[in-house]
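Colleague: Handing you this structure, nothing more for now.
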Amino acid sequence: MTEIIFSTIVNDLKKATETREHPFRYFTFATSSINGTPRLRTLVLRELDEELNLTVYTDKRSKKITHINEHNTVSLLFLDSERLIQLSIRAKAKIITDDNTIKNIWDQVPQKSRKEYTTKLAPGEEIKNPEQIDFLEEKHFLTAIKLIPDKIEYLRLNRPNHIRVLFKKENNDWKGTYLVP
């Protein structure tokens with residue numbers, strides 16, 4: 001039965017990359033600084049490959065990039081509040097630096113979304129007025145992060161029994177074990 005649960009996880013993550021309304025489209029992403037301070041933020045799931053690696057986009061000047069460079073183990077939390085399913089994923093984050101890959105991604109970003117990656121100041125910089133953000137014309141700071149999972153914890157709140165399964169990647173295969181919820 002763990003194989004069925006795993007296939008639904010893969011199916012849900014794939015659908016989340018294709019459907020804006022899917023509850024796993026937006027997820028909580030956690031990093032930690034070199035001194036261990038945790039930081040959470042919401043990201044958009046952009047891609048899922050055959051090896052179950054996930055891809056997200058960000059501004060390369062963001063604090064998450066600094067954290068990943070300091071400590072590349074990250075956590076992802078997905079929640080489907082209607083089906084009462086929670087996925088918690090531990091992954092290694094790898095910043096994509098290949099210029100051709102970034103150019104291909106940039107070419108696919110809709111025009112209306114591009115400005116998010118072209119602010120003159122870095123994300124998190126203090127400003128006096130949100131109406132006075134300056135944008136660059138010819139330069140962007142888009143980068144992508146590949147998230148390589150090694151553990152996925154599935155929890156489904158269900159009566160009469162909740163279901164909790166831990167999947168671990170071992171030699172490119174995922175092995176599932178039931179846990180006490």
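Readers should treat all values here as calculations from the given coordinates under stated rules, not as data from a laboratory. Remember, it's a predicted structure, so these values are computed and weren't measured experimentally. In this analysis, Cβ positions are derived from the backbone assuming ideal geometry, glycine residues included, and neighbour counts consider all displayed protein chains.
Colleague: From largest to smallest, what semi-axes in whole angstrom does region 82-131 give when each is the square root of 5 times an eigenvalue of its alpha carbon gyration tensor?
Modeller: Semi-axis lengths for region 82-131 are 27, 21, 15 Å.
Colleague: Return the loop-located GluC sites (Glu not before Pro) in region 79-160 (DSSP other than H, G, I, E, B) with at most 11 other Cβ atoms within 10 Å of their own Cβ; answer none if there are none. Don't jump to the answer; show the numbers that get you there.
Modeller: Values: sites: 82, 116, 125, 126, 131, 137, 138, 153; in loops: 82, 125, 126, 137, 138.
Here the GluC sites (Glu not before Pro) that fit, given the DSSP loop and packing criteria, are 82, 125, 126, 137, 138.
Colleague: Alpha carbon centre of region 1-67 versus region 105-181: separation in Å?
Modeller: Their Cα centres are 4 Å away from one another.
Colleague: While we're on this one: Residue farthest toward the positive end of the dipole of region 92-181, with Cβ of Lys/Arg at +1 and Asp/Glu at -1: which of 161, 123, 171?
Modeller: So the residue furthest toward the plus end is 161.
Colleague: May I ask you to compute the full-extension gain from residue 104 to residue 34, defined as 0.36 nm times their residue separation minus their alpha-carbon distance, rounded to one decimal in nm? Before the final figure, lay out the partial values.
Modeller: Numbers: separation 70, 0.36 × 70 = 25.20 nm, distance 3.18 nm.
Roughly 22.0 nm would be gained on extension.
Colleague: Additional query: Can you list the equivalent-ellipsoid semi-axes of region 111-181, largest first and in whole Å, using the square root of 5 times each Cα gyration tensor eigenvalue?
Modeller: Equivalent ellipsoid of region 111-181: 44, 18, 10 Å, largest first.
Colleague: With no solvent and one point per C-alpha, what does the Debye sum give as log10 I(q)/I(0) for the chain at q = 0.12 Å⁻¹?
Modeller: Reported log10 I(q)/I(0), two decimals: -0.64.
Colleague: Suppose each label sits 7 Å from its Cα in the direction of the beta carbon; what would the residue 158-residue 41 distance come out to in nanometres?
Modeller: 3.6
Colleague: Please sort by residue number the chymotrypsin sites (Phe, Trp or Tyr not before Pro) in region 1-96 whose DSSP state is loop and whose Cβ has at most 15 other Cβ atoms within 10 Å.
Modeller: Working: sites: 6, 24, 26, 27, 29, 57, 78; in loops: 24.
When the chymotrypsin sites (Phe, Trp or Tyr not before Pro) of region 1-96 are filtered for loop state and at most 15 Cβ neighbours within 10 Å, nothing remains.
Colleague: When the expected Rg is taken as 2.2 N^0.38 Å, what fraction or multiple of it is the alpha-carbon Rg of region 18-123?
Modeller: Dividing the Cα Rg of region 18-123 by 2.2 N^0.38 Å gives 1.12.
Colleague: Which of the trypsin sites (Lys or Arg not before Pro) found in region 1-90 are in a DSSP loop and have at most 13 neighbouring Cβ atoms, other than their own, within 10 Å?
Modeller: Here the sparse-neighbourhood loop sites are 20, 83.
Colleague: Specify the angular offset, from 0 to 90 degrees and rounded to the nearest 10, of the alpha carbon long axis of helix 99-108 from the longest principal axis of the alpha carbons in the chain.
Modeller: 90
Colleague: Filter 115/175; 15/175; 14/63; 15/120; 112/169; 15/139 down to the pairs with a C-alpha to C-alpha distance above 30 Å, please.
Modeller: 115/175; 15/120; 112/169; 15/139
Colleague: Counting residues in region 35-94 as N, plug N into 2.2 N^0.38 Å and put the Cα Rg over that result.
Modeller: 1.22
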